[in-house]
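Novice: Right, I'll just put the structure down here and ask away after.
The values are calculated or read from the model by the stated rules, or taken from the named source; none is laboratory data. Nothing here was measured: the structure is a model prediction, and the numbers come from that model. We place every Cβ from the backbone using ideal geometry, glycine too, and count neighbours over all the protein chains shown. Quick note on the areas: whole protein, heavy atoms, side chains included, nothing else; ligands and nucleic acids left out. Shrake-Rupley method; radii C 1.70, N 1.55, O 1.52, S 1.80 Å.
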Amino acid sequence: MFSSEEKKHYMELAFAEAKKAEAQDEVPIGAIVVDPKGQVIGRGYNRRELDNVATHHAEILAINEACKTLNSWRLIDCSLFVTLEPCAMCAGAIINARLKEVFYGAPDHKAGASGSVVDLFAVEKFNHHPQVIRGLYRDKASSMLTNFFRTIRAKQKEKKLKAKENKASSSQID
Ligand SMILES: [Zn+2]
């Protein structure tokens with residue numbers, strides 16, 4: 001069991017990962033894996049666009065690193081902290097890696113597989129059921145994403161405006 005101070009600390013580390021994505025114009029999603037002793041053994045941030053790889057979600061990269069660290073595909077008694085609700089692929093990876101628990105921040109109404117679209121963690125027939133703690137620092141996690149998309153839209157608008165201006169000035173020269 002983590003204390004609220006510890007949970008805050010680990011979520012901050014997941015947010016730090018998300019910031020790395022944001023700094024590279026990638027949707028800011030970050031994840032970390034913590035072992036039973038409280039050591040961070042895996043980190044990851046969304047790199048889908050950067051790598052042009054559909055599976056390069058934050059959770060997958062953090063899980064891969066943790067497996068490498070432990071030299072095992074089983075992450076027994078380990079916990080995952082992620083800023084956004086895991087998608088179906090990541091929920092599948094979490095189940096396959098036998099993670100003990102998942103803490104996440106914001107819900108993902110379009111792709112979330114922990115209750116928003118489906119709840120894979122609640123499917124009884126699966127052989128493993130991680131504990132799920134939803135909405136940890138939800139406001140911070142949500143606003144990080146909202147701000148990112150707002151900035152993207154503003155940038156696109158500015159680009160369009162500039163293109164229009166350039167067109168107008170070049171037609172004046174004509
Ligand atoms: Zn995912």
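Novice: Among the numbered conditions (1) in contact with a helix residue (DSSP H, G or I) (Cβ under 8 Å, 6 or more places away or on another chain); (2) farther than 15 Å from E12 by Cα; (3) more than 14 Å from the ligand (Cβ to nearest atom), tell me where V40 comes up short.
Specialist: Single failed check for V40: (2).
Novice: Only residues that are farther than 23 Å from K20 by Cα, within 15 Å of the ligand (Cβ to nearest atom) and part of a strand (DSSP E or B): list them for the stretch 92-118, please.
Specialist: S114
Novice: How many residues are on the phi < 0 side of the Ramachandran plot and open to solvent by 100 Å² or more (accessible area, probe 1.4 Å) when one looks only at the stretch 44-54?
Specialist: Selection size over the stretch 44-54: 2.
Novice: Please go through (1) within 16 Å of the ligand (Cβ to nearest atom); (2) more than 22 Å from K125 (Cα to Cα); (3) of a type in the set (A, V, I, L, M, F, W, C) for C67 and return the number of the only condition it doesn't satisfy.
Specialist: For C67, the exception is condition (1).
Novice: Let me ask something else. Tell me which residues, restricted to the stretch 125-144, are open to solvent by 40 Å² or more (accessible area, probe 1.4 Å), more than 14 Å from A91 (Cα to Cα) and not in a helix (DSSP H, G or I).
Specialist: K125, Y137
Novice: From the list D25, D35, which residue is in contact with a Cys (Cβ under 7 Å, 6 or more places away or on another chain) and surrounded by fewer than 22 Cβ atoms within 10 Å (Cβ to Cβ)?
Specialist: Being in contact with a Cys (Cβ under 7 Å, 6 or more places away or on another chain) and surrounded by fewer than 22 Cβ atoms within 10 Å (Cβ to Cβ) holds for just one of D25, D35, which is D35.
Novice: Just to be sure I understand the filter: pairs with C-beta atoms under 8 Å, separated by 6 or more residues or on different chains, first member in the stretch 28-53 and without any contact (Cβ under 8 Å) to a residue 12 or more places away in the chain, second member charged (D, E, K, R) and part of a loop (DSSP other than H, G, I, E, B). Which pairs pass?
Specialist: Sorted first by the residue in the stretch 28-53, then by its partner, the pairs are V53/R47.
Novice: What are the pairs with Cβ atoms under 9 angstrom where one residue, in the stretch 102-114, is more than 20 Å from V34 (Cα to Cα) and the other, located anywhere, is of a type in the set (S, T, N, Q)? Sequence gap at least six, or different chains.
Specialist: So the pair list comes out as P107/S114; P107/S116; P107/S142; D108/S114; D108/S116; H109/S116; K110/S116.
Novice: Name the residue that is nearest to P36 (Cα to Cα), counting only residues in the stretch 77-101 that are in contact (Cβ under 8 Å) with a residue 40 or more places away in the chain, open to solvent by less than 10 Å² (accessible area, probe 1.4 Å) and not acidic (D, E).
Specialist: C78
Novice: Of the residues I41, I60, which is assigned to a helix (DSSP H, G or I) and farther than 21 Å from S143 by Cβ?
Specialist: Just one listed residue meets the conditions, I60.
Novice: Inspect all residues belonging to the stretch 72-91 and state whether any of them is away from the ligand (no atom under 12 Å from the Cβ), of a type in the set (F, W, Y), in a strand (DSSP E or B) and closer than 15 Å to L136 by Cβ.
Specialist: Yes, the stretch 72-91 contains at least one residue that is away from the ligand (no atom under 12 Å from the Cβ), of a type in the set (F, W, Y), in a strand (DSSP E or B) and closer than 15 Å to L136 by Cβ.
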